[in-house]
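**Student:** The structure under discussion is supplied below as structure tokens; questions concerning it will follow.
The values are calculated or read from the model by the stated rules, or taken from the named source; none is laboratory data. Note that the structure is a prediction, hence the values are computed from the model and not measured. Ideal geometry is used to build each Cβ from the backbone, glycine not excepted, and the neighbour counts take in all protein chains shown.
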Amino acid sequence: MTPLRTVVAALVGSLALTLTACSQDHEPEPGPEPGTVTRGIDTASYVEDYEVGAGDSGAMNYSQSQPQSAPGSARSLSEGGGTDPLRIPGPLEDNTFVDEGTSGFVDPREDARSTFALDVDTGSYGVARTLLEQGLRPPAESIRVEEWVNALPVADEAPAGADLAVTSESGMAPSLEDGTQLVRVGVAAREVTAAERPPVHVTLVVDRSGSMDIRERLGLVQSSLALLADRLRDDDTVAVVSFEDQAEPLLPPTPVRDTETILEAVEGLKPGGSTNLEAGLTLGYEQARKHFDPEGLNLVVLCSDGVANVGATGPGSITERIAEEGRDGISLVTVGYGMGNYNDHLMEQLADLGDGFYSYVDSYDEAEELFGTALTTTLTPVAAEARTQVAFDPELVSSYRLVGYDNRQIADEDFADMDVDAGELGAGHHATALYEVRLADGVEPGDVIGTASVRWTSPRDGEPQDAGAELTAADPAAEASPALALPAAAADLAQLLKRAAPYAERPVSLESLAERVEVLETEGVDGAEELAELVRAAQDAD
């Protein structure tokens with residue numbers, strides 16, 4: 001028999017090794033940008049090593065109704081003593097998109113003003129990129145053109161003193177050959193460095209239902225949470241609420257200096273059950289409000305595929321709470337994961353209600369960009385209830401058309417009413433709007449054809465602020481700058497794939513668009529390489 005002291009010694013030695021392994025050196029070190037840190041966590045390993053089916057397989061359920069047969073990994077669902085085949089839905093199956101339509105040309109003699117809420121969502125672009133990379137064309141109803149434009153880098157300089165700055169540029173519309181001009185209105189928010197930003201308090205509301213049991217869903221969510229633990233400052237806090245049939249607090253607000261506790265919460269995210277989205281958001285807001293910091297940045301971040309099949313499922317069921325919390329300083333960011341049985345419409349609408357933004361994450365690189373940097377820096381409030389009104393001179397403009405923003409339009413008379421919900425911009429955000437403009441006879445290059453006005457509430461003093469720029473007619477012989485040519489190409493690609501009137505009949509093709517983007521890529525324009533890859537993927541897609 002082994003002597004007792006030998007057994008005790010072995011147990012003590014094993015415990016010491018365990019404690020050493022669990023208390024890895026996660027002391028923050030300077031990150032790549034001033035004021036940023038990193039703790040050396042292997043954040044990519046969570047998605048790389050994710051095991052499908054490791055959760056409560058007896059409770060897994062993709063939806064209340066069985067999904068259609070689709071390519072993917074087959075697994076079994078044991079429910080009520082029976083076993084039914086369950087397949088991961090294909091990327092184009094059971095998704096929910098809503099077509100907001102496509103605006104046509106407007107006669108300024110009937111309506112000279114165009115008013116809309118500024119928007120920095122990029123979810124539609126992320127969804128399309130995911131599908132195109134798999135050789136699939138995105139559904140027409142999934143395309144919101146402005147989100148494609150705003151997903152690419154913009155060269156506009158951030159203002160040094162004011163919250164927002166407005167710029168404009170005009171050129172010839174590259175998708176038309178009838179003299180139509182393209183006018184870009186750009187809005188840039190002031191920057192706040194990582195060192196200058198206030199403390200961040202993130203409450204993650206994590207969907208861990210059966211539909212999330214995919215590496216590119218729950219695995220990426222785990223990596224996303226690990227990235228927060230790796231990159232946030234010691235005095236920032238992270239809380240986690242998880243939901244399936246019911247919601248439960250998985251991690252109370254925890255200072256990031258307590259890294260191991262946060263990583264334990266990452267490991268505790270196991271799939272199983274249906275999707276009570278309302279319960280998850282309700283509990284998430286309760287946690288965030290209970291620990292609200294009036295001097296900090298308070299965020300609720302919903303990580304989900306948007307599928308909701310328990311409780312009230314429509315955005316109307318929790319709209320009042322989301323809108324109220326947004327007005328009172330808790331922003332909602334929605335982050336979508338996975339294609340197939342995915343609800344894009346719900347995720348986009350919830351973010352708009354919650355004064356935040358909607359992103360779609362389809363890879364670890366995207367998760368690192370959002371959770372490693374953008375989430376905490378760009379969400380530092382700079383402009384609340386931001387809206388734009390463009391007024392065209394009916395003597396000089398025969399017709400105009402706003403490209404995109406079809407579900408963000410505001411009544412012209414509500415432009416000055418700051419109680420009307422609009423958009424929010426954070427530090428370093430850029431928003432771009434494109435107008436196609438047909439000029440009256442006799443208009444000369446440089447003539448002022450309209451004005452662009454932006455109005456918002458400043459978080460510095462709570463007072464309304466204004467900025468603006470004149471719109472001028474372009475010189476038909478002048479070449480458009482990259483700041484106009486790149487968003488024009490992104491808008492053309494989105495509209496080509498949407499195939500909606502009035503765009504379907506235009507003399508533009510993927511081949512001609514590829515040539516335009518290749519020129520920008522050769523010139524080294526930031527964002528052109530990414531767009532060129534997307535155009536090539538669209539050419540190869542079915």
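**Student:** Is it the case that segment 225-238 has a residue that's over 22 Å from residue 200 (Cα atoms) and modelled with pLDDT under 95? Even if it seems obvious, please write down each step before you answer.
**Tutor:** Just the residues of segment 225-238 that are over 22 Å from residue 200 (Cα atoms), to begin with: none.
No, that holds for no residue.
**Student:** Can you run down the residue pairs with Cβ atoms below 8 Å, 6 or more apart or on separate chains, where the first is in segment 413-442 and farther than 16 Å from residue 401 by Cβ and not assigned by TED's automatic domain parsing to the domain that holds residue 154 and the partner is surrounded by fewer than 15 Cβ atoms within 10 Å (Cβ to Cβ) and modelled with pLDDT under 95?
**Tutor:** none
**Student:** Sticking with this structure for a sec: Among the residues of segment 201-210, is any in a helix (DSSP H, G or I) and either modelled with pLDDT of 95 or more or farther than 29 Å from residue 27 by Cα (or both)?
**Tutor:** Narrowing segment 201-210 to residues in a helix (DSSP H, G or I): 210.
If we keep only those that are either modelled with pLDDT of 95 or more or farther than 29 Å from residue 27 by Cα (or both) too, we end up with 210.
Yes, there is a match, as at least one residue in segment 201-210 is in a helix (DSSP H, G or I) and either modelled with pLDDT of 95 or more or farther than 29 Å from residue 27 by Cα (or both).
**Student:** Across segment 104-123, which residue is farthest from the chain's Cα centre (by Cα) among those that are buried (at least 19 other Cβ atoms within 10 Å of the Cβ) and among the acidic types (Asp, Glu)?
**Tutor:** Step one: list which residues in segment 104-123 are buried (at least 19 other Cβ atoms within 10 Å of the Cβ), which gives 108, 114-123.
Those left that are additionally among the acidic types (Asp, Glu): 119, 121.
Details: 119: 10, 121: 5 Å.
Among those that are buried (at least 19 other Cβ atoms within 10 Å of the Cβ) and among the acidic types (Asp, Glu), it is 119.
**Student:** Still on this model: Scan segment 258-275 and report the pairs whose first residue is modelled with pLDDT of 90 or more and whose second residue is of a type in the set (Gly, Ala, Ser) and surrounded by fewer than 22 Cβ atoms within 10 Å (Cβ to Cβ), with Cβ atoms within less than 7 Å and a gap of 6+ or a chain change.
**Tutor:** 260/23; 270/54; 270/55; 271/55
**Student:** Give the number of residues within segment 433-487 that are under 17 Å from residue 165 (Cβ atoms), assigned to a loop (DSSP other than H, G, I, E, B) and aliphatic (A, V, I, L, M).
**Tutor:** 0
**Student:** Could you please let me know if residue 169 is among the acidic types (Asp, Glu), surrounded by fewer than 23 Cβ atoms within 10 Å (Cβ to Cβ) and under 17 Å from residue 470 (Cα atoms)?
**Tutor:** Numbers: among the acidic types (Asp, Glu): yes; surrounded by fewer than 23 Cβ atoms within 10 Å (Cβ to Cβ): yes; under 17 Å from residue 470 (Cα atoms): yes.
Criteria met by residue 169.
**Student:** If a residue must be loosely packed, with under 15 Cβ neighbours inside 10 Å, in contact (Cβ under 8 Å) with a residue 12 or more places away in the chain and in a helix (DSSP H, G or I), how many such residues does segment 521-542 contain?
**Tutor:** Residues meeting the conditions: 2.
**Student:** When you go through 406, 417 one by one, which is the residue that is more than 22 Å from the chain's Cα centre (by Cα) and either closer than 30 Å to residue 199 by Cβ or not small (Gly, Ala, Ser) (or both)?
**Tutor:** Values: 406 fails: more than 22 Å from the chain's Cα centre (by Cα).
After applying the criteria, what remains is 417.
**Student:** Take segment 238-258 and flag every residue that is of a type in the set (Ser, Thr, Tyr) and surrounded by 24 or more Cβ atoms within 10 Å (Cβ to Cβ). It would help to see each step written out before you state the result.
**Tutor:** The first filter runs over segment 238-258 and keeps only residues of a type in the set (Ser, Thr, Tyr), leaving 242, 254.
Matches in segment 238-258: 242 only.
**Student:** If you scan segment 440-468, which residues turn out to be charged (D, E, K, R) and in contact with a strand residue (DSSP E or B) (Cβ under 6 Å, 6 or more places away or on another chain)? Full working, then the answer.
**Tutor:** Step one: of segment 440-468, the residues charged (D, E, K, R) are 441, 444, 447, 455, 460-461, 463, 466.
Hits for segment 440-468 are 455, 466.
**Student:** Hey, another quick one. Buried (at least 21 other Cβ atoms within 10 Å of the Cβ), in contact with a helix residue (DSSP H, G or I) (Cβ under 7 Å, 6 or more places away or on another chain) and under 30 Å from residue 52 (Cβ atoms): which single residue out of 149, 145, 206, 200 fits that description?
**Tutor:** Values: 149 fails: under 30 Å from residue 52 (Cβ atoms); 145 fails: under 30 Å from residue 52 (Cβ atoms); 200 fails: under 30 Å from residue 52 (Cβ atoms).
Within the list 149, 145, 206, 200, the selection yields 206.
**Student:** Would you pick out the residues in segment 488-520 that are in a helix (DSSP H, G or I) and farther than 21 Å from residue 150 by Cα? Before the answer, list the steps.
**Tutor:** Of all residues in segment 488-520, those in a helix (DSSP H, G or I) come to 488-498, 510-520.
Residues satisfying the conditions are 511, 512, 515.
**Student:** So which residues in segment 452-501 are modelled with pLDDT under 95 and basic (Lys, Arg)?
**Tutor:** Matches in segment 452-501: 460, 498, 499.
**Student:** Considering only segment 468-503, how many residues are over 30 Å from residue 524 (Cα atoms), hydrophobic (A, V, I, L, M, F, W, C) and more than 26 Å from the chain's Cα centre (by Cα)?
**Tutor:** Looking only at that region, the number is 1.
**Student:** Can you tell me how many residues in segment 328-377 are surrounded by 22 or more Cβ atoms within 10 Å (Cβ to Cβ) and part of a loop (DSSP other than H, G, I, E, B)?
**Tutor:** 9
**Student:** List pairs: first in segment 376-395 and among the aromatic types (Phe, Trp, Tyr), second assigned to a loop (DSSP other than H, G, I, E, B), Cβ under 8 Å, 6+ apart or cross-chain?
**Tutor:** Listed by first residue and then by second, the contacts come to 392/108; 392/112.
**Student:** Just to check your reading of the model, which residue among 82, 161, 135, 101 is on the phi > 0 side of the Ramachandran plot, at pLDDT below 95, surrounded by fewer than 17 Cβ atoms within 10 Å (Cβ to Cβ) and over 19 Å from the mean Cα position of the chain (by Cα)? Explain how you work it out, then say what you get.
**Tutor:** On the way: 82 fails: on the phi > 0 side of the Ramachandran plot; 161 fails: on the phi > 0 side of the Ramachandran plot; 135 fails: at pLDDT below 95.
Going through 82, 161, 135, 101 in turn, just one is on the phi > 0 side of the Ramachandran plot, at pLDDT below 95, surrounded by fewer than 17 Cβ atoms within 10 Å (Cβ to Cβ) and over 19 Å from the mean Cα position of the chain (by Cα): 101.
**Student:** Check 127, 187, 154 and return the single one that is in a loop (DSSP other than H, G, I, E, B) and out of contact with any Lys or Arg (no Cβ under 9 Å at 6 or more places or on another chain). Give the steps one after another, and end with the answer.
**Tutor:** Working: 127 fails: in a loop (DSSP other than H, G, I, E, B); 187 fails: in a loop (DSSP other than H, G, I, E, B).
From the options 127, 187, 154, the qualifying one is 154.
**Student:** Determine which member of the set 390, 420 is part of a strand (DSSP E or B) and not charged (D, E, K, R). Walk me through how you get there before you give the answer.
**Tutor:** On the way: 420 fails: part of a strand (DSSP E or B).
When all the criteria are applied, what remains is 390.
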